[in-house]
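Chemist: Have a look at the structure that comes next, please.
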Amino acid sequence: MRFTWASATHVGLVRAGNEDSVHPKTDGSVAEPVVIAVADGMGGAVAGEVASRVAIEAAVAADPAADLTPGERVRLGNEAVVRAVEDDYTLSGMGTTLTLGLFTPSGAAHIAHVGDSRMYLFRDGELRQLTRDHTLVADLVALGQITAEQAETHPRRNLVTRVIGAPDAEPDEFEVSLLPGDRVVICSDGLNSMLRDAEIAACLEEAESPSEAAWSLVEAANAAGGTDNTTVAVVDVSS
Ligand code: MG
């Protein structure tokens, strides 16, 4: 199978800087393995920007065809952030999410993630969230203590329970079979905190190309308030 991707990132309308990072930065199309990742950094001053960049660079440093699982790549990203803090104490407290997909021509997405940057599958007009947020509210919803609607306005909805930069951060890992016509989205929470699933699905339905999809989602997030940085990578699957 062939993968055609594009990404878009924007600081939004409120934040002073963009602490998200994405890989690859340039659009492309291949019929061979490709790694696509989004990270959403946090920390004072410029530390969030450093965390997301360091994590992604370490996670994607090896060739996509290398014998590395996505989980191993995420762990390399984690080790790099931990090391960066050890080397420069002014960076202490920084962290980042990391959601990474290894897409293979046999038609699989191998996924690993830590934090609340999401991966979605858009197939036959339906949007399905593939990752489960590592957040307090996602845990409370899973336990049945609050509803998904209550999670959207919960005062502690931004509390992330697993973060890259913590020595013990363990990724969730799983695999999804892909079909021609599938559209996969990896995004920072600037997207899904601003838009409901139906609004995300509408953008994906309308857009002709991954680039159009990624930018229309970023524009929609900003039109809805743009209170956070928004980063979106879109991957189209074809035979
Ligand atoms: Mg964010």
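Chemist: Do we have L98 as open to solvent by less than 50 Å² (accessible area, probe 1.4 Å) and either within 16 Å of the ligand (Cβ to nearest atom) or under 24 Å from G28 (Cβ atoms) (or both) here? Talk me through it step by step, then tell me what you get.
Modeler: Values: open to solvent by less than 50 Å² (accessible area, probe 1.4 Å): yes; either within 16 Å of the ligand (Cβ to nearest atom) or under 24 Å from G28 (Cβ atoms) (or both): yes.
In short, yes.
Chemist: So, one more: Please work out which residue is most open to solvent (accessible area, probe 1.4 Å), limiting yourself to segment 30-62 and to residues that are in contact with a strand residue (DSSP E or B) (Cβ under 9 Å, 6 or more places away or on another chain) and part of a loop (DSSP other than H, G, I, E, B). Explain how you work it out, then say what you get.
Modeler: Filtering segment 30-62 down to residues in contact with a strand residue (DSSP E or B) (Cβ under 9 Å, 6 or more places away or on another chain) leaves 30-43, 47-57, 59-60, 62.
When the remaining residues are screened for being part of a loop (DSSP other than H, G, I, E, B), the result is 31-33, 43, 62.
Numbers: A31: 57, E32: 108, P33: 42, G43: 32, A62: 34 Å².
Step by step, filter segment 30-62, then rank; the result is E32.
Chemist: Can you work out which of the residues in segment 182-197 that are more than 16 Å from the ligand (Cβ to nearest atom) and in contact (Cβ under 8 Å) with a residue 40 or more places away in the chain is farthest from the chain's Cα centre (by Cα)?
Modeler: Initially, segment 182-197 is screened for residues more than 16 Å from the ligand (Cβ to nearest atom), giving 182-184, 196-197.
Remaining after also requiring in contact (Cβ under 8 Å) with a residue 40 or more places away in the chain: 182-184, 197.
Working: D182: 17, R183: 15, V184: 11, D197: 16 Å.
Checking each candidate, the answer is D182.
Chemist: Moving on. Considering only segment 132-178, how many residues are small (G, A, S), in a strand (DSSP E or B) and either under 12 Å from H113 (Cβ atoms) or at pLDDT 95 or above (or both)?
Modeler: As a first pass, look at segment 132-178 and keep what is small (G, A, S): 138, 142, 144, 148, 151, 165-166, 169, 177.
Now restrict to residues that are in a strand (DSSP E or B): 166, 177.
Next, from what is left, pick out any that are either under 12 Å from H113 (Cβ atoms) or at pLDDT 95 or above (or both): 177.
Here the count works out to 1.
Chemist: Taking segment 101-119 as the region of interest, how many residues are more than 16 Å from the ligand (Cβ to nearest atom) and surrounded by 15 or more Cβ atoms within 10 Å (Cβ to Cβ)? Quick ask: steps written out before the conclusion?
Modeler: Taking segment 101-119 and keeping what is more than 16 Å from the ligand (Cβ to nearest atom), we get 101-112.
Those left that are additionally surrounded by 15 or more Cβ atoms within 10 Å (Cβ to Cβ): 101-104, 107-112.
Qualifying residue count, segment 101-119: 10.
Chemist: With T26, T4 as the choices, which residue is part of a strand (DSSP E or B), in contact with a strand residue (DSSP E or B) (Cβ under 9 Å, 6 or more places away or on another chain), modelled with pLDDT of 95 or more and away from the ligand (no atom under 11 Å from the Cβ)?
Modeler: On the way: T26 fails: part of a strand (DSSP E or B).
Answer to the check: T4.
The values are calculated or read from the model by the stated rules, or taken from the named source; none is laboratory data. Only a predicted model underlies this, so the values are computations on that prediction, with no experimental measurement involved. Neighbour counts are summed over all protein chains in view; Cβ atoms, including those assigned to glycine, are modelled from backbone coordinates with ideal geometry. Ligands, DNA and RNA are stripped out before the accessible areas are found, and what is left, the full protein with its side chains, is counted by its heavy atoms. Shrake-Rupley method; radii C 1.70, N 1.55, O 1.52, S 1.80 Å.
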